[in-house]
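Structure first, commentary second.
The values are calculated or read from the model by the stated rules, or taken from the named source; none is laboratory data. What you see is a predicted model, and the numbers here were worked out from it, not measured in a lab. Note that we place each Cβ from the backbone using ideal geometry, even for glycine, and neighbour counts take in every protein chain shown. These area figures cover heavy atoms from the full protein model, side chains too; ligands, DNA and RNA do not enter into them. Shrake-Rupley method; radii C 1.70, N 1.55, O 1.52, S 1.80 Å.
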Amino acid sequence: MSDILLTIPEIDERIAAIRENLRELIEQAAAYSGAADEELASERIAEQEEELERLLKRREELSGQKP
């Protein structure tokens, strides 16, 4: 997903959504009992954490730019 044309408020919205997804995934992972479920939850959490890091870096880049 390209975030080149996103504004800071749009990035902030995505960051908030990803943080909420992470909270939900962590809660679900705590309730899972099978190894396959735990692995899937771990993969989803890792994906969301990577996306969050990418968006945070992009937001920082945009914040530092001069108009």
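Brief remarks on what is shown
- Net length gained if the chain between R23 and R44 were fully extended (0.36 nm per residue, minus Cα distance): 6.4 nm
- In the chain, the longest principal axis of the Cα atoms and the axis of helix 35-64 are about 10 degrees apart.
- Solvent-accessible area of the chain (1.4 angstrom probe, protein heavy atoms only): carbon and sulfur portion equals 52 percent.
- Ligands, DNA and RNA are left out, and with a 1.4 angstrom probe the accessible area of the chain is 75 Å² per residue.
- Rough spin-label spacing in nm, given labels placed 7 Å along Cα→Cβ, for A35 and R54: 3.1 nm
- Against the set (1) -0.44; (2) -0.71; (3) -0.32, the structure's computed log10 I(q)/I(0) by the Debye sum over Cα atoms at q = 0.13 Å⁻¹ falls on (1).
- Helix axis angle, 8-31 relative to the chain longest principal axis, alpha carbon, degrees: 10 degrees
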